[in-house]
1. Identify, from the list THR194, THR203, THR168, the residue that is under 30 Å from LEU119 (Cα atoms) and assigned to a helix (DSSP H, G or I).
2. Taking the condition at pLDDT below 90, over 27 Å from ASP290 (Cα atoms) and among the charged types (D, E, K, R), does ASP97 pass?
3. Give ALA422, ALA405, ALA410, ALA466 a once-over and let me know the one that is under 20 Å from SER51 (Cβ atoms) and out of contact with any helix residue (DSSP H, G or I) (no Cβ under 8 Å at 6 or more places or on another chain).
4. Go through ALA447, ALA435, ALA452, ALA424 for me and flag whichever is part of a helix (DSSP H, G or I) and modelled with pLDDT of 90 or more.
5. Look at the range 398-444 and say how many of its residues are over 30 Å from LEU301 (Cα atoms) and surrounded by 16 or more Cβ atoms within 10 Å (Cβ to Cβ).
6. Given the options ARG276, ARG287, name the one that is basic (Lys, Arg) and closer than 22 Å to VAL92 by Cβ.
7. Does at least one position in the range 120-140 carry a residue that is outside any strand (DSSP E or B) and at pLDDT 85 or above?
8. Yes or no: GLN210 free of Cβ contacts under 8 Å to residues at least 60 places away in the same chain, surrounded by 12 or more Cβ atoms within 10 Å (Cβ to Cβ) and in a helix (DSSP H, G or I)?
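The values are calculated or read from the model by the stated rules, or taken from the named source; none is laboratory data. What you see is a predicted model, and the numbers here were worked out from it, not measured in a lab. Every residue, glycine among them, receives a Cβ derived from its backbone with ideal geometry; neighbour counts consider all protein chains shown.
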Amino acid sequence: MMSEAGRAACAWGAVLALTLPLGGCALGPDFVTPPAPAVGGYTADALVPASTASVRMAGGNAQSFARGRDVAGAWWRHFKSKQLDAFVEEAVRNHPDVQAAQFALRLARENVLAQEGSLFPQVTLNGSGERQQATSASGGAWPAQTSVYTLYNASVGVSYALDLWGGTRRQVEALKAEAEYQAFKLEATYLSLTANVVTAAITDASLREQIAATQEIIRIETDQLKRLEHQFEIGAISKADVLSQEANVAQAKATLSPLQKQLAQQRNQLMVYLGRLPSQDRGEYVRLSDLRLPGQIPVSLPSDLVRQRPDIRQAEATLHKATATVGVGVANLLPQLTLSGNYGATGPMQLYSPETVFASVTGSISQKLIDGGTLFHTKEADVASFEQNLALYKSAVILAFQNVADSLRAIQYDARVLRDQAAAETATRDSLDMATEQFKTGAVPYANVITAQQSYLNARVSRIKAQATRFTDTVALYQALGGGWWNREDQTPDASPRHRPGLFAGPDSLASKDVIR
């Protein structure tokens, strides 16, 4: 016949077996990924022409848009610069922001695992030993009899908070959404860093060429000043012409220091991106003439952009977390049931003896009757937080589409700007040569030469800037499209894009009813 302790233990097991499946339900809304906007393009009209303008110089080749083509994981390699590749690899390897984002992701994942432990029964082992001494006198005999003995107690306690309404499961879901947010924050950090490194290297190259061009102009104008001074000494020209040229040289020199300042600060910024201190600059740099402008640029479909942009995926994860938190608030409004039990004996050897075993099973239920509306308003605050994050998600989508549209237009018009700046540089160079020859023959005053010199200097610097802009705006498009993180070999497993059918319906497709069901 089964002892009382045995029957109690069996009762505990039966209750636990019956109640465990109840934890499978979860109250509150289920998260549904918002669909993508129902648009076929990024701009109001098609990009015409399909190929951009071109000019015969570095960075002047025509570019075309490959609609629907995927973005490469290492997109910066399309610029064909080994030094640029080395910069990016060093930055990713050394920059503390990437390392901080990696540990934030690890922290979030560990929090998920910790919270998942709440879904299972909690078992606690307790044990104690006590040494006691007792003195007794039998029939008044003296001396009294002394005995020493040891008391043992060993027990196993089990407690299980039944997740009847799914509050704990919603907490786990919210933490998983937080981990997903951190995963895409890592991808956003990676994308921002790589784009910043490439842009900084290109800007560095542009400033170097602007400085070189300015120094060449200064050298030419200084030589011209020496010739004018000689002509003045022999009485061929007036002092006014010499003073005008001196002013021209001074103005050219005045433009050099600001460029050198920009270059020095740009180098400091590049070192920071590489994870170095400014004093650790080893002098490596990229030449603008060594870069190759990608001839064909991938342009992802609008329906894919919302799955590719890390910032949109971050906003989606935040929205998912807010949705799960609403479920937690709903579950907290309902009664909470906890089961607990103990099984033990007065000594290690007695654990297997039915006569000395004690066992108990306890069930408790709690429900707040009056709390001043705390739980209700907490749930309502969670709903408001969801609505806020839904609006922020919509904003992130709109901004992403604007980024792509801006980059596409920039690339389209950058090509024209470079073509026109190249033509302006040629024209001002010819004008300067003509003005110089006419001055030598006395056909024009020296003021014409000065004006032509200034026009040529401005045109040359503007052409260099236009060259660099074509490269940097191409970088901006790669960044706006998400940077191809899903094609990287070292991608985070939990951050792979989850393409879903039925993307983007209409203007109301991001309404609350489509996200909370």
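1. Just one listed residue meets the conditions, THR168.
2. When the stated conditions are applied, ASP97 does not pass them.
3. Numbers: ALA422 fails: out of contact with any helix residue (DSSP H, G or I) (no Cβ under 8 Å at 6 or more places or on another chain); ALA410 fails: out of contact with any helix residue (DSSP H, G or I) (no Cβ under 8 Å at 6 or more places or on another chain); ALA466 fails: out of contact with any helix residue (DSSP H, G or I) (no Cβ under 8 Å at 6 or more places or on another chain).
Just a single option satisfies the conditions, and that option is ALA405.
4. Working: ALA447 fails: modelled with pLDDT of 90 or more; ALA435 fails: modelled with pLDDT of 90 or more; ALA452 fails: modelled with pLDDT of 90 or more.
The conditions single out ALA424.
5. Matching residues across the range 398-444 total 11.
6. Only one candidate qualifies: ARG276.
7. Kept after step one, since they are outside any strand (DSSP E or B), are these residues of the range 120-140: 120-121, 137-140.
From the residues that got through so far, the ones that are at pLDDT 85 or above too are 120-121.
Scanning the range 120-140 turns up at least one residue that is outside any strand (DSSP E or B) and at pLDDT 85 or above.
8. Values: free of Cβ contacts under 8 Å to residues at least 60 places away in the same chain: no; surrounded by 12 or more Cβ atoms within 10 Å (Cβ to Cβ): yes; in a helix (DSSP H, G or I): yes.
Taking the combined requirement at face value, the residue does not satisfy it.
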